[in-house]
Each structure stands twice: as C-alpha cells, then as structure tokens.
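Below is one structure; the comments refer to it alone.
The values are calculated or read from the model by the stated rules, or taken from the named source; none is laboratory data. Just so we're clear, the structure is a prediction, and the values are computed from it rather than from any experiment. Neighbour counts are summed over all protein chains in view; Cβ atoms, including those assigned to glycine, are modelled from backbone coordinates with ideal geometry.
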Ligand code: RIB
C-alpha cells in the first residue's frame, strides 16, 4: 500500500517549512500568493490529505457534531437532522447521524462511539427512559443537548415541544367535533413525550367533564406504520369502538388509516383520526391527516445552536448557562378529523 503522504513531505517538496504548509491550509491569507500556489500544487501532486484526527488532537476541538435519533425511518427525525445539519454547516461543522432504533443498548454503544471520536458535542433524543446512558456519557465531559425531551436544568440544554399542550390540542379538537369516546394509540409507554401527550389528552377530557374512561388506550411496541396497522386491527375488534383516535405520532396514524381503508371504514365519517408531528406525508395521505405540528427542523437548528454556543471558545465571555427551550405545538386541521354530523 502506498506510503501515506505527510505534511513534512509536502513541506520538503515545496521547499517551505511545515508551518507554512499548515498556514496555507488553515490561514491561507497569511501566506504570499506565489508560495500558496506552489504549496497547493504540491499538495495536489503528492495527494496529501489532512489528518482530521491529528488536527482535532492538536486543536482539542472536533469539527463533528453527533446526532443520535430515535428512529431513522421517521421523517420527524429527518427534519430534525436537516435543521441541525444546516446550523452546524454554517459554523463549519459536519453532523454524524446515528440511529438508536429506540434501543437503549444501541444508544449506549453510539454514545461510546461519539466519546471515542471526541466529537464537539451530541444532540440526542433519549431511548433510555431511565437516563442511565446520559449519566454515563456525562463522565466524558462532552456537551449534549436533548432534542424532544426537557433536560433537567444542571445536566444540559434541551429543545422540545410542550407535549402536554400538544396532546390537549388534539383531544380538545375531537371533543369539540362531538366525540365522547376516543382511542389513544400510545406507542411504547416508556417515552416521556408519549406520556406527556397522554397527560394532555386526559387534561382535555377533564376540561370537558369527561373522565379518563373516555380515553381507550391502545399501547404499541413501536412508533411506526406497522404498529399503526396493528393498532387499527385491534380497534376494529372492539365491540364498543370509539368514534375517534388520537395517535402518538403520524406514522402510527398513517398505519391506522391504512387499516381502516382496507377494512372499508370511512375516515372521518366512521372514525376521526388525529396524528402528531405533522410530517410531510400527513398532508399527502389519501385522507389528509389532521396533526399536531412539531417544528422539527427548527428544533434541530436550535439544538445545534445551543451546542455551538456551549462549545465555542468562551475566553473572556460569560460562562455558558444551560437553557431548556420549550416550543409550542400547533394543531393543523385536515380532512381526517372534520366533523361530519
Ligand atoms: O419517534 C417517536 C416520536 O417522538 C416522534 O414521532 C416524535 O413525535 C417524537 O416526539
């Protein structure tokens, strides 16, 4: 295998010092134009590639930001990643995206990988409801920002949406449309955002004078379309079937819609459906889906901004103070929940 070309090889061939080669790469405006041109042509001719890990070790500051999402198959997280990547790129950083697939063990492995790589910091939506993985990660003294989950103040920053308000928006809309028996397709009950949406749903029912019995819960193992289809099959088997369904996210709602369509159940005439996230496919569904919108790309960009602020060189500036940014959800009403009676 060809010997890799080092910075010393370039300096020798271009008849300059190693420092001049480094300046051509990192501070090109400090080098005379003719010298810069000679060094750059030597770099091309020898095929020199800067060692990012060596640069990181010297500078002690990685140009990589880690992003650990809960489900790479969920467009919500694609939008979060898009927002984070744009913000990171503006600061000259790249984003390394990993997928915990809702698995705490995989989450732990990826957090270890980020620590080994000494990334600048990590944005993550926790899969581990106990918080143990984050506690372990904190020992590495690498900053993190929680996305879609409120961090406890001293631990770190976070960007999330008020999911209690979001759940209440969804169910209040169904109650106002005349529904008095509502199913909640919950997803895995361990996730904080799922528990908060449920709490909001119960709050809206209580406001309308309806007890928790008006909410029929259908737990699912996952938060994807297949789990939504499975919940739809169970819903069809209920004798006293609710007239409306609130789903913990849009993928569940789209799977449920698919099973209703296959069973000849008319939406919204026979069953109203409301989802959560307002992913792009909500509006594009065969029956456009009412959904509680989370500004996913904005959440990603804000989280990246908090991380950059925490990791920038703060010599002389005031110490970074952790912030928990909580955004407000918005109900986007479409055909799947319109009152038909
Ligand atoms: O992936 C799980 C869900 O949690 C997403 O759909 C989004 O709603 C996040 O809050």
Given 306, 257, 289, which one is in the same structural domain as residue 72 (by TED's automatic domain parsing) and buried (at least 19 other Cβ atoms within 10 Å of the Cβ)?
-> 306
Residue 213 versus (1) closer than 30 Å to residue 100 by Cα; (2) surrounded by fewer than 21 Cβ atoms within 10 Å (Cβ to Cβ): which is the lone unmet condition?
-> (1)
Return the pairs, sorted by first residue and then second, in which the second residue is part of a strand (DSSP E or B) and within 12 Å of the ligand (Cβ to nearest atom), the first residue lies in segment 179-192 and is more than 15 Å from residue 212 (Cβ to Cβ), the beta carbons are less than 8 Å apart, and the residues are 6+ apart or on different chains.
-> 185/247
Checked segment 261-282 for anything under 18 Å from residue 179 (Cα atoms) and in contact with a strand residue (DSSP E or B) (Cβ under 9 Å, 6 or more places away or on another chain); matches are 267, 268, 271, 272, 273, 274, 275
Sort out which residues of segment 144-163 are surrounded by fewer than 20 Cβ atoms within 10 Å (Cβ to Cβ) and touching a residue at least 12 places away in the same chain (Cβ under 8 Å), and write them in order of number.
-> 150, 153, 154, 155, 162
Kindly list the number of the only condition in (1) within 25 Å of residue 296 (Cβ to Cβ); (2) surrounded by 15 or more Cβ atoms within 10 Å (Cβ to Cβ) that fails for residue 221.
-> (2)
Residue 166 part of a helix (DSSP H, G or I), within 13 Å of the ligand (Cβ to nearest atom) and buried (at least 19 other Cβ atoms within 10 Å of the Cβ) = yes
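Give the number of residues within segment 91-109 that are more than 16 Å from the ligand (Cβ to nearest atom) and under 22 Å from residue 222 (Cβ atoms).
Step one: list which residues in segment 91-109 are more than 16 Å from the ligand (Cβ to nearest atom), which gives 91-96, 105, 108-109.
Checking the rest, the ones that are also under 22 Å from residue 222 (Cβ atoms) come to 105, 108-109.
Final tally of qualifying residues: 3.
Here is a check on your reading of the model: is residue 234 more than 13 Å from the ligand (Cβ to nearest atom), closer than 23 Å to residue 288 by Cα and without any contact (Cβ under 8 Å) to a residue 40 or more places away in the chain?
Values: more than 13 Å from the ligand (Cβ to nearest atom): yes; closer than 23 Å to residue 288 by Cα: yes; without any contact (Cβ under 8 Å) to a residue 40 or more places away in the chain: yes.
It is true that residue 234 is more than 13 Å from the ligand (Cβ to nearest atom), closer than 23 Å to residue 288 by Cα and without any contact (Cβ under 8 Å) to a residue 40 or more places away in the chain.
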Flag if residue 149 is part of a loop (DSSP other than H, G, I, E, B), in contact with a helix residue (DSSP H, G or I) (Cβ under 6 Å, 6 or more places away or on another chain) and either more than 30 Å from residue 320 (Cβ to Cβ) or within 16 Å of the ligand (Cβ to nearest atom) (or both) = yes
Looking only at segment 242-249, decide whether some residue is touching a helix residue (DSSP H, G or I) at 6+ places or on another chain (Cβ under 7 Å), farther than 28 Å from residue 148 by Cβ, away from the ligand (no atom under 16 Å from the Cβ) and part of a loop (DSSP other than H, G, I, E, B).
-> no
Keeping to segment 193-208, report how many residues are more than 14 Å from the ligand (Cβ to nearest atom) and either within 16 Å of residue 222 (Cβ to Cβ) or without any contact (Cβ under 8 Å) to a residue 12 or more places away in the chain (or both).
-> 1
Top-ranked residue of segment 275-302 - restricted to ones that are closer than 21 Å to residue 174 by Cβ and assigned to a loop (DSSP other than H, G, I, E, B), ranked as nearest to the ligand (Cβ to nearest atom) = 294
Answer yes or no as to whether residue 232 is modelled with pLDDT of 95 or more, more than 21 Å from the chain's Cα centre (by Cα) and part of a loop (DSSP other than H, G, I, E, B).
-> no
With respect to residue 221, is the statement that it is without any contact (Cβ under 8 Å) to a residue 40 or more places away in the chain and assigned to a loop (DSSP other than H, G, I, E, B) true?
-> yes
